[in-house]
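First comes the structure, then the notes that go with it.
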Amino acid sequence: MMLWKRILLKNLVKRVGKSNFRGKEDDAQNFMADSLVIGHKVEGSPRMPKRKVRNVESNKDKVKKQKTRENNEINEGYDAVDRISDLPDHIVHHIFALLHCPKDVARTSILSKRWKSIFDSYLTFDFDERYFRVHWGRGKHNRIKAREMQKKNFKNCIEKSLAARLEPKSCIHKFRLYVNNLNDKLAYCMDRWLSAAVDKNVKELEVHVNVKRNQYLLPDVILMSEAITSLKLSGCVSLFCFTAVKLCNLRELSMKKSLVTEAMIQKVEHGCPLIEDLRLVHCRGPVCLRISELVKLRRVELHECDTLSSVEIEASNLETFWYHGQNNQPCKFNMTGCQNLKQLTLNAGEMTDEMFQNCISKFPLLEKLFLKECNSLDKITIISGKLKSLALNQCMMLQEANINTPSLFSLEYSGHKMSFPSMNISGLREAKFHFNPSSKDSYISELQKFFGNFDQFKDFKLIMHSKQNMTILENPREVRFVRYIDEKLELTTSKSSVLRSVDSWLRALHRKRLTVVSSSSEFSKCIHTLIMNREDDSYCCRYYSRKCWRHYLAGVKMSEILNNSDKTTYEFKWRSTPVSC
Amino acid sequence: MSSSTELTEKKVFLLKSLDGVIFEVEESVAVQLEVIRELIEGDCARPFISLYNVTSEILALVIEYCKHHAETCSGGTSATIADEDLKTFDNEFMNVDENILLELCSAADYLDIKSLFELTCRTLASLIKDRTIIEVRKMFNVENDFSVVEEKAVRKEFAWAFK
């Protein structure tokens, strides 16, 4: 009895402290006597405590106003009450983070004093020089002047806000800095700003330097920080340092458009043992990426690093590997120690059949395999009991893909022609095909053969669409009656995903014709409702300033042909400006 | 499976809202409220739990949300379909007016339902995004309590954000 009471009390105090409502411990204890209470009982009317009274001394009139409003509120319900300002700071800060744009976040501080104070207590600092652009007149002189002005404004803004917002805090969450045109003076300031952030135990640090020539060297204090968990560098920022790198809590490291050397990677490997996520994007420098000491590594991404020609990774916890090669640069993979890999994405133009087969044989637990523009592949065989998702996109030389994957759930293919001589995909639920056929006649006959041959497609619905037309077949075998087949094909077993496809197809506007071939009235009725009953849904784009297709639709002409399987055709007319609801 | 074992397996909790309405929920739904899960795991959950910070109107919505999520996740359909299904449901679930949305958000925070908290915060963010200050003030009835001089000073401080 005492034990649960204590635990409960602990929980309760935690909750009460976290939420808006202030409670006393002894009050809470009384309530616990008869039942389990979470939170704190509020005296009086159930809706009363929602409003906090602020600025009591400084603004007595306002308190009065608020009180009268509270009384009205009970009678009038929700109308005209500011509830968003009553959200606790940590919720609003979370909303700030979801706004993604620092401009949007800063702008909220002008809403009211309360919002200004919420912004002041926000633990993320985001400074982007691009927002300080000054428009110049013609001539070199004006341009230099404008650039100086931009730099000055930017620096002033950072200095002021660091003094006002960073100084009083004991720790901060995130610091992001984007800089154009680096010079010595600015580099000196950056050192100071970044060191100030590290002093406040910043957890996530992002530095972008957008210049062609100079290199910015990160100050040593950053590379020795124990607090940093995420470090993202982009542009001419270099990890290079004479001392060792020692970021003992770093989980995420991303380098973009930077110079990376093999020695640097080695230093990182020794000094940052907890890295889980490593990304190199458009990096120059490393010829061979060799990693064997990062045991926590779960995700590695290598995108278009043009000098990279060999990848050796040994990490037993690696789950995701993404390689995107550059300009047909051949690259060797040795990933023997990564037997737990679940997701593999390859965009490697020079990868041969043998290399590919050799590579995937190392990953018995693979669940997702995505191949794109692997233009040296000719015949491949994929046998796996675990694979759930497979995509073969634009592998232009691929002649044959033999697939024996009974657990496969989704399949995607785009390329010249169908090339699946043997297929075991009994678990398939959705598929997408996109063809660029050489001749139309052979294409249609091939397709008819394809859908006729595979019994697996029995329960599927087939959607075919191009820019202007869409045809939906409730039974894919009916494809034999269709004279013209559009380039994109989707197969799905679920009715709701058919509706979603129609919805997203219409979203691009100015579509011409939709044809539905169906033997069950229920199926065609669903689509009919989606298209025709649009007036009822007045809420549909409340959250978006851009209106959806329903508001652009001027009219629909419907025609039906009834026989064995009903064929319904909808023709759309559009208007250029949306109707508001 | 016989019906008697099913009965013993399904544990039921009673949740009482601020205004005294009692809701009966199954364990699979109740555990989605992190507050209650902590109690269950600590073995100190009683069948009768009072939630004094949530009104019945909001609690009903919260339970509807948790129920749908519990059913979809355990329904045996594969992950991708379940995901899509939840997305559609979530979108429709967010079709409520701003005040309900705010109450749902603070309820989700208080009851510690991570997915609902994310969802409501995301929706609120999309309401604020790309809107002018005047529009946001109007939508949420935020009263401008700055004096003209003060407002000018704040505008100057954040001049870069208004370009």
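Observations, loosely collected:
- Close amide-amide hydrogen proximity is noted between A:Phe125 and A:Lys174, A:Phe175, A:Arg176, each under 5 Å apart and 5 or more residues distant or on a separate chain (H modeled in the peptide plane; Pro and chain starts excluded).
- Of A:Lys116/A:Lys169; A:Lys160/B:Lys156; A:Lys461/A:Lys525; A:Lys103/A:Lys152; A:Lys200/A:Lys267, pairs whose Cα-Cα distance is over 22 Å: A:Lys200/A:Lys267
- Taking amide H positions as modeled 1.01 Å from N, with prolines and chain starts lacking one, the residues under 5 Å from A:Asn210 and 5 or more places away or on another chain are A:Val179, A:Asn180, A:Asn181.
- Highest-fluctuation residue, B:Ser126, B:Ser56, B:Ser106 considered, GNM on chain B with Cα pairs under 10 Å: B:Ser126
- Across the stretch A:255-272, rounded Karplus estimates of 3J(HN,Hα) from the backbone phi angles (6.51 cos²θ - 1.76 cosθ + 1.60, θ = phi - 60°) give 10, 10, 6, 10, 8, 10, 10, 5, 5, 4, 5, 5, 4, 4, 4, 6, x, 10 Hz, Gly and Pro being marked x.
- Pairs beyond 31 Å (Cα-Cα), from A:Lys212/A:Lys246; A:Lys368/A:Lys512; B:Lys16/B:Lys114: A:Lys368/A:Lys512
- For the stretch B:104-163, the Cβ-based charge dipole about the Cα centre amounts to some 320 debye (Lys, Arg positive; Asp, Glu negative; other atoms uncharged).
- Overall dimensions of the stretch A:268-318 as given by Cα atoms, namely Rg and Dmax in Å: 10.7, 27
- Ignoring aspartates and glutamates fewer than eight residues from B:Lys11 along the same chain, the ones with Cα atoms less than 20 angstrom from its Cα are B:Glu24, B:Glu26, B:Glu27, B:Glu34, B:Glu38, B:Glu41, B:Asp43, B:Glu64, B:Glu71.
- Taken one residue at a time, the phi angles of the stretch A:296-303 give Karplus couplings (6.51, -1.76, 1.60, θ = phi - 60°) of 7, 3, 10, 9, 10, 10, 10, 10 Hz. Gly and Pro are set to x.
- Look at the dipole of the stretch A:105-275 built from charges on Cβ: of A:Ala164, A:Gln266, A:Met224, the Cα furthest out on the positive end belongs to A:Ala164.
- The residues of the stretch A:129-168 present an accessible area of 72 Å² per residue when probed at 1.4 Å with all protein chains retained.
- Sequence of B:Thr72, A:Thr243 from largest to smallest accessible area, 1.4 Å probe: A:Thr243, B:Thr72
- Residue-wise HN-Hα couplings along the stretch A:353-370, as the Karplus relation 6.51 cos²θ - 1.76 cosθ + 1.60 with θ = phi - 60° gives them from phi, are 3, 5, 4, 5, 4, 5, 5, 6, 5, 7, 10, x, 9, 4, 10, 10, 10, 10 Hz; Gly and Pro carry x.
- Equivalent-ellipsoid semi-axes of the stretch A:105-275, from the Cα gyration tensor, Å, largest first: 28, 23, 12
- Using only Cα coordinates, the Kirkwood hydrodynamic radius of the stretch A:189-309 works out to 14.4 Å.
- Chains B and A together bury some 6500 Å² of accessible area, summed over both sides, with a 1.4 Å probe.
- Taken about its Cα centre, the stretch A:105-275 carries a charge dipole of about 1080 debye when Lys and Arg each add +1 at the Cβ and Asp and Glu each add -1 at the Cβ.
- Solvent exposure, largest accessible area first (probe 1.4 Å, DNA, RNA and ligands not counted), of A:His551, A:His510, A:His208: A:His510, A:His208, A:His551
The values are calculated or read from the model by the stated rules, or taken from the named source; none is laboratory data. Because the structure is a prediction, the values reported are computed rather than measured. For neighbour counting, all protein chains shown are included, and Cβ atoms are generated from backbone atoms with ideal geometry for every residue, glycine included. These area figures cover heavy atoms from the full protein model, side chains too; ligands, DNA and RNA do not enter into them. Shrake-Rupley method; radii C 1.70, N 1.55, O 1.52, S 1.80 Å.
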